[in-house]
Structure formats: structure tokens, C-alpha cells
1. Just to be sure I understand: if you take the accessible area of chain B alone plus chain A alone and subtract the pair, with a 1.4 Å probe, what total do you get in Å², rounded to 100?
2. Out of the range A:85-166, which trypsin sites (Lys or Arg not before Pro) are coil in DSSP terms and have no more than 12 other C-beta atoms within 10 Å?
3. Within 10 Å of each Cβ of B:56-69, how many other protein chain Cβ atoms are there on average?
4. Could you name the aspartates and glutamates whose alpha carbon sits less than 12 Å from that of residue B:55, not counting residues in the same chain fewer than 8 places away?
5. Roll a 1.4 angstrom probe over the protein heavy atoms and tell me the percent of accessible area of chain A that is carbon or sulfur.
6. Once neighbouring chains are kept in place and the probe is 1.4 Å, which whole percent of the accessible area of chain B is contributed by carbon and sulfur?
7. Using only atoms on other chains, find how many Cβ atoms lie within 10 Å of each Cβ of peptide A:209-216 and report the average.
8. For a quick check, take a GNM of chain A with Cα springs below 10 Å and name the residue from A:102, A:207, A:235 with the largest mean-square fluctuation.
Amino acid sequence: MAFRGKVALVTGAASGMGQLAAWRLAAGDATVVAVDVNEEGLGRTARRAPNVHTHVCDVCDHAGFETLVKEAEAEHGPIDRVMNAAAIAPAGLLLEQPFEEISRLIEINYLGLVTVTKTILPLMIERGRGDLVQFGSLAGWVPSQRLGAYSAAKAAVVSFSETLYHETQGSGVRMVCVCPPPVATPMLDQIDGDGTGPRSLKDVPPIAPEEVLDAIEEGLESGRFLVFPGKGTTIVWRVRRFLPTVLWRRIDAAERLP
Amino acid sequence: MTFVDPVVDEPVVVDGETVTLPVEVRSAKMAVATFFVDGDAAQELIGYSGLRIAKQRGRAMCSLSAVQYTDNDLGPYNEIAVALVVDPHDKAPGAKVSMAGGTVTTFIHKLPVNQEFTCRAGRGIWGFPKWVANISYFESGGRTEVVLVDGGELVLSLSVKRSPIPIPARGDRSEMVMSCYSWCDGVLRRTSWVTRNQGTTGRIGGAVLELGASHPMTDELRGLGLPKRALFTMSTPRMSASFGPPEIIQV
């Protein structure tokens, strides 16, 4: 952890990487504003963690989130870090996936992150300090069959964040967009819990969520905006950029397997 | 010394909350610096416990371990342990302590933490010498920087450089059984725990230890001959552990 501030806001804090991030910040005596729609999960995050303050809020609820930030800053002081970890990952073939599911996915994974960012980043820029951590995904760079909607949302996150990074350079706010490969969190069950997930990912061992959090801190400290945690992740990213057909051949071949 | 029956493996109530044993740590990280210190001074320091320092040519091994507990039954918190390698209480003086066997017996002399709940649970269940202080655990530029401030006074700052050299765990590659003694309110206890480390690296030296001005704990460490060059350091980015019930040991 390389958090120098006092107050951090974490979305998606009821499970997975958001929860682990909240705990790490709390261990370091930070005041953590933990946001999620899952009240029960938030309860677990705050258990025996007196610095964790839970807020049930949908990141898509613009007005609700603005109020939350106002109240949180009034109570705890300026938010020094945001970790935009809230996301869902229902998988499936695009033509079979209901429109509502795709819409919800774009809403939470992309527009939710936009809501949080546009609410808090101006405050950070005004103060000339802060950390903004955007949870993208390697899937945002490397689309694969059965994960199209998720990939599209994460691609939007990456593009939005990369543009924002350049538009706000020199503002004093540290920014990272982390793009991990599959990570061993409950979200992985969402992707492939019922076996409908991308077959090309079946043999890819997930990395530990701790590795992702460590990579984020390294990125913030070294000033690297795009962060690819896990061995070989950067190579996959490069292959996608320079030899996209090679990657697609492998993905398609995996899908053709019986 | 003889054993009495180990504490029964049943839930313990702390602050009105039930803590089930073993206590599971699912995610933590750790940085450790080990020093050779003056054996006689170390023996005098832990004399109250009735235990013997396992001396190596008159020297004692003293470890400063900083741990950040993340996903943990006792909640998230930071901790710094001052531990000394001791002879098992039931071994004859001078019996060779095998450090290659995977079990090193240590005595936890000090164990400041930065959260209340773990402090009370640690003292109540295992008799760990915990108290609440300010502990920061910071990673930057390949180093783990730990600072302990108690009552507004700097006690120590420890910087451990991350090494590229992996330390393979013994046996089944990752699981190690550790055993430690602790002394609290006149009762000596021994607790065994299992740790599973991933990605541990280590090296000779690699630590910068700075001590504060006049805190009692600072004075104790200075009395051991610290600060000095570390014998070796280790960093573990991912650790899990299970802490079972303690055995009460009677003199």
C-alpha cells in the first residue's frame, strides 16, 4: 500500500478486489468509505474494521452518489483516493444475451465509473491531490467470444480513463487504469460459474487479487498510468495490438472444441 | 515446566463477539528483518518468561516482523513483532535447535498492533503482548517501510528492501508450522500456527532500522545492540495462516 492520504472511497467494496482493497486501506488506518449495493457483503467488509464506513448505493444513481460524497466528505474530510472497482460480469454469446443484461453491464461497469469519477475527480483537482484508480481489464483490450458485453464495457472504461488521464495531466492527481487478466475473485464465478463463460479462458489460471492491488500501488508510485498485473499480461496486450489475428485464431479454436 | 491441558478448542468471546478457533488469516503480507544481538542482554530482557535464549556462539537471534493483515477473522490491521529465538521449554540446555526442520521456537516479546479488537483478542486468547499504537506499513520503490509511533513518540522505523531471490518453502513447498511462546499477566503460553507463504523473497542484509529517542521499547532494542546490519531479510507479498488455541505452560 502506498496511500498517503486519510480518506478513501471504494466502490464494489462488498466482495472481491473492492473488498480486499477496502481492508488493506483500513489496515493502514485510512478511513474507508465502502460503497456497494450488496448490504450483506458490506457488513462482512466492515466486520471488526471500525475504519470502514459502509454505504449502500448504486453507482449508477447519480444524485444518490453525489449526496453520498457530500455527506462522506462532511463527516470524514476530503476523499484522497477513489478505487472504482464496482463491476458485474455476466457472460454469454452476444445474440443470446438479453439486451437488459448488456445494458446493465454497460451501466454499472462503465457509466457507474463515469458517475463516480465525474463526481469526485473535480474535487481532487481543486485540491491538487488524490489517487484515482480505474478498474479496467485485459478484456477491455482483448475481446473474446462469450465475454463481448463485458469487454465492450471495459474497453469504454479504458478509453474514457486514458483520455481523462491526458486531459488532467499536471493536476496533481495520480491516476492508474489497471487491466488485469482473470483474477481469483467471486466475479470469476459470474463469468464462468455455469460453464457459459469464454472457453479460451478455461486454461488460464487466475492471478491473486493481492497481485493486482500491489501492481496498482506500484503504478501510482511510479507514475505509470496503464498497469497490467500478472506474468505475461503485457505480452498478451502487445500480441493483441500487433498480431490480432493470431489471438483470435486461438480464441476461436478454443470455442470450437467439443 | 509441565503442560496443563491445552485450552479447549472452542469459541472465545471478545467484546461480546464470538471468535472461533482456529483464527484464519486468509490474506496478509509481511516483511521481516532478523538480527544477531547480544545473547546475555537478550536473556536478561526475556528473563521474566522463564525461557532460555537459543544462543549461537553467545549471540541471540532477534526478528522484527511487520505484518499487514488484510482478510482476517480479527479484522484488518498492522502489527510489529519483536521475537527472539528460544529453546523449547522442555528441551535440555544446549540441545541443538533444528532450524531446518521447519519449526523455530520463538518468544514474542512485544507485539504492538494498530486496532483495538485484535489487541483484546490477542491478549485474551493467546496472551500476546499486544497494545495499540500507530503503525504504518508502506510500500514504495521496492521497499517496505514500517513506522511505529507510540504515544506520539517514534519507536522505530524499519525499511526492508525487496529481494529478487525467491525463498522456497520447505516440505510441501508452502506450509510451515511455527511455534511461539508468549507471556501475559504471569502466564506463559505456547501457540502453534500454520503459515502458507507465496512469493517470498529474501537476502542477506537488506534492512535499515532506525530507533527513536527515548521510548522504553526503543531503549530495550538499543540494549540489545540495535540498530545494526541485519543478518537477513524476507518479504512475503501473500501469506495465509491459521492460529490454533494456545497451550498454557506452568513453571
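The values are calculated or read from the model by the stated rules, or taken from the named source; none is laboratory data. All values derive from a computational prediction rather than experimental measurement. Heads up, the Cβs are rebuilt from the backbone with ideal geometry, glycines too, and the neighbour counts pull from every protein chain shown. Surface areas here come from the heavy atoms of the whole protein model, side chains and all, with no ligands, DNA or RNA. Shrake-Rupley method; radii C 1.70, N 1.55, O 1.52, S 1.80 Å.
1. Buried: approximately 1900 Å² between A and B.
2. Taking the range A:85-166 and a limit of 12 other Cβ atoms within 10 Å, no loop trypsin sites (Lys or Arg not before Pro) are found.
3. 1
4. Residue B:55 reaches B:38, B:40, B:87.
5. With neighbouring chains kept in place, the figure for chain A is 55 percent.
6. Ligands and nucleic acids excluded, carbon and sulfur reach 54 percent.
7. Taking all residues of A:209-216 together, the mean is 3.
8. The residue that fluctuates most here is A:235.
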